[in-house]
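The values are calculated or read from the model by the stated rules, or taken from the named source; none is laboratory data. All values reported here derive from a predicted model rather than from experimental measurement. With ideal geometry, Cβ positions are generated from the backbone for all residues, glycine too; neighbour counts draw on all protein chains shown.
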Amino acid sequence: MSIDYQEKIPNNVNLSEDRRLQRALEKWQPGYQNWWAEMGPDESQQMDVYLRTAISVEPGGWANYDYVKMPDYRWGIFLSPAEQGRVINFGAHKGKPAWQEVPGEYRSELRRLIVTQGDTEPASVEQQRHLGLTCPSLYDLRNLFQVNVEEGRHLWAMVYLLHAHFGRDGREEAEAMLERHAGDPDKPRILEAFNEDTPDWLSFFMFTYFTDRDGKYQLASLAESGFDPLSRTCRFMLTEEAHHMFVGETGVGRVVRRACQLMNEHKTDDVRKYGAIDLATIQKYINFHYSVSVDLFGQELSTNAANYYTMGLKGRFQETRIDDDHLLGESVYPVAEISGDKVVFADRSALTAVNERLRDEYTDDCRRGLDKWNKIIAEAGIDYKLSLPHRVFNRGIGSFSTIKATPQGQIIDQAEWDKRHGDWLPTDADRVYVTSLMKAVTEPGKMAAWIAPPGKGINGQPTNFEYVCFN
Ligand code: BYC
């Protein structure tokens with residue numbers, strides 16, 4: 001299962017044996033490269049970056065580190081190895097062999113899922129394209145670029161599926177991936193969180209913690225798919241995704257640590273005086289990024305999601321580890337809803353509630369990082385606790401999008417929201433302050449004043465390693 005890097009498009013899918021597909025992808029490739037040059041990381045074309053490139057999909061083989069010029073990064077097509085005799089594990093086709101070709105009756109639903117997933121990947125690169133100009137250290141700059149090239153590869157992963165399995169409409173969808181852009185009023189990205197700005201590094205760390213984690217849960221659900229090529233593609237993407245969330249978790253942790261150091265040193269909560277980001281502002285960023293990311297799970301009750309499940313296209317998180325009938329015809333799941341001025345839980349069909357269940361699992365996972373950040377604060381002897389806002393807070397999708405609520409989940413009227421939302425979400429002044437800190441630090445080992453150094457370097461290298469060389 002090693003990957004042939006002599007080919008124009010590195011791959012482990014025997015591309016050279018399918019000339020038509022190979023030619024179609026080679027035709028798409030220059031458009032991708034132009035998109036990267038125009039919409040990818042600003043002013044990065046000449047830099048040598050210490051990057052991880054996959055050389056095989058086996059454990060240990062996909063993490064090969066070396067200096068690479070990013071435009072020369074070998075974006076390729078890698079699927080996890082096929083599982084002999086794999087069957088569909090849920091829905092109406094449960095127990096039948098997994099599909100190797102698109103099941104004709106579900107073609108449009110499957111295409112829609114792949115397009116929605118694929119669209120997020122280049123979107124995140126676009127959102128992050130200016131950040132390299134204000135990196136807090138070379139270590140962070142390298143991590144940003146690692147995330148960016150891998151998101152680019154994840155676009156390749158979805159484009160491969162579209163080209164290989166959806167004929168002409170697949171090729172058209174692949175073109176459209178490069179035509180929509182994050183925040184473009186005429187041709188926006190499909191999901192709302194991918195049209196938001198990622199204007200500063202605190203936002204980047206929050207994005208990689210909260211929004212990439214949506215990616216983990218969505219990819220894990222698609223990895224359960226009865227459509228085997230999608231499952232194998234997503235399984236390999238998940239191995240790369242882990243590093244992105246690590247960047248977010250440790251990034252926010254380092255900002256918290258720096259705030260705590262200065263709070264203790266100067267005996268004050270107001271560390272802005274000393275060029276750091278105060279815990280109250282970090283909490284507001286958590287409130288924003290968590291609420292925008294939970295929207296990505298869709299409606300609480302979704303017939304689309306129920307259909308995807310019954311069709312065998314998109315499962316639940318770790319489907320095979322769940323002890324039930326995997327059909328969900330009779331089962332119920334507690335779903336939050338509004339009753340008068342209160343949020344209550346009511347049992348609803350588990351089938352229509354699969355989005356909500358995934359959102360709950362995601363939230364539990366988000367809490368683990370909060371615990372780690374709170375441990376940093378507690379170890380510094382500071383009496384402050386960061387928390388996740390309530391699920392109903394600041395929602396744009398689903399049944400809570402029509403109400404206003406506090407981060408504790410108390411429903412309030414518009415007038416009170418107008419008065420108080422600046423206490424809960426970053427204000428323009430907060431954003432201006434955070435932006436004012438964003439100045440590039442490019443001397444090996446040096447850190448910006450608002451962030452603590454990382455605990456260790458990448459791939460066993462010291463933290464003062466020259467992770468990026470400017471030419
Ligand atoms: N924004 O029945 P519903 C990642 C629309 S992130 C805007 O709940 P469904 C990554 C929906 O289109 C993971 N619109 O929808 C992270 C529909 O509209 P129409 C990305 C939204 O489809 C960081 C209507 O509401 N992958 O990988 O069941 C960096 C009905 O809603 C939104 C996926 O999302 C929204 N947030 O649920 C890089 C997996 N939500 O057509 C990468 C694939 C809903 O009726 N996607 N709408 O007018 C899906 O499984 C589903 O599309 C969703 C939505 C779970 C997202």
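Below is a table of values for the structure above.
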| quantity | calculated |
| --- | --- |
| VAL343 among the aliphatic types (A, V, I, L, M), farther than 30 Å from ALA259 by Cα, modelled with pLDDT under 95 and not in a helix (DSSP H, G or I) | yes |
| All positions within the stretch 393-424 that are within 16 Å of the ligand (Cβ to nearest atom), of a type in the set (S, T, N, Q) and in contact with a Phe, Trp or Tyr (Cβ under 9 Å, 6 or more places away or on another chain) | ASN394 |
| Residue within the stretch 331-354 that is closer than 25 Å to GLU249 by Cβ, surrounded by 15 or more Cβ atoms within 10 Å (Cβ to Cβ) and in contact (Cβ under 8 Å) with a residue 12 or more places away in the chain present | no |
| Filter result (aliphatic (A, V, I, L, M) and more than 15 Å from the ligand (Cβ to nearest atom)) within the stretch 289-327 | ILE322, LEU327 |
| Index of the failed condition, LEU313 passing every other in (1) assigned to a loop (DSSP other than H, G, I, E, B); (2) surrounded by fewer than 22 Cβ atoms within 10 Å (Cβ to Cβ) | (2) |
| From the options LEU370, LEU351, residue that is modelled with pLDDT of 95 or more, on the phi < 0 side of the Ramachandran plot and more than 16 Å from the ligand (Cβ to nearest atom) | LEU370 |
| SER231 at pLDDT 95 or above, more than 20 Å from ASN394 (Cα to Cα), more than 7 Å from the ligand (Cβ to nearest atom) and surrounded by fewer than 24 Cβ atoms within 10 Å (Cβ to Cβ) | yes |
| Residue that is surrounded by the most Cβ atoms within 10 Å (Cβ to Cβ), among those in the stretch 239-294 that are among the hydroxyl-bearing types (Ser, Thr, Tyr) and touching a residue at least 60 places away in the same chain (Cβ under 8 Å) | TYR290 |
| Among (1) more than 16 Å from the ligand (Cβ to nearest atom); (2) small (Gly, Ala, Ser); (3) in contact with a Lys or Arg (Cβ under 9 Å, 6 or more places away or on another chain), the one test that ALA123 misses | (1) |
| Of all residues in the stretch 359-387 being hydrophobic (A, V, I, L, M, F, W, C) and part of a helix (DSSP H, G or I), the one that is nearest to ALA305 (Cα to Cα) | CYS366 |
| Whichever residue in the stretch 77-117 is of a type in the set (Val, Ile, Thr) and in a loop (DSSP other than H, G, I, E, B) and, among such residues, is surrounded by the most Cβ atoms within 10 Å (Cβ to Cβ) | ILE88 |
| All positions within the stretch 28-56 that are out of contact with any His (no Cβ under 6 Å at 6 or more places or on another chain), closer than 18 Å to PRO122 by Cβ, in a loop (DSSP other than H, G, I, E, B) and touching a residue at least 60 places away in the same chain (Cβ under 8 Å) | GLY40, PRO41, SER44 |
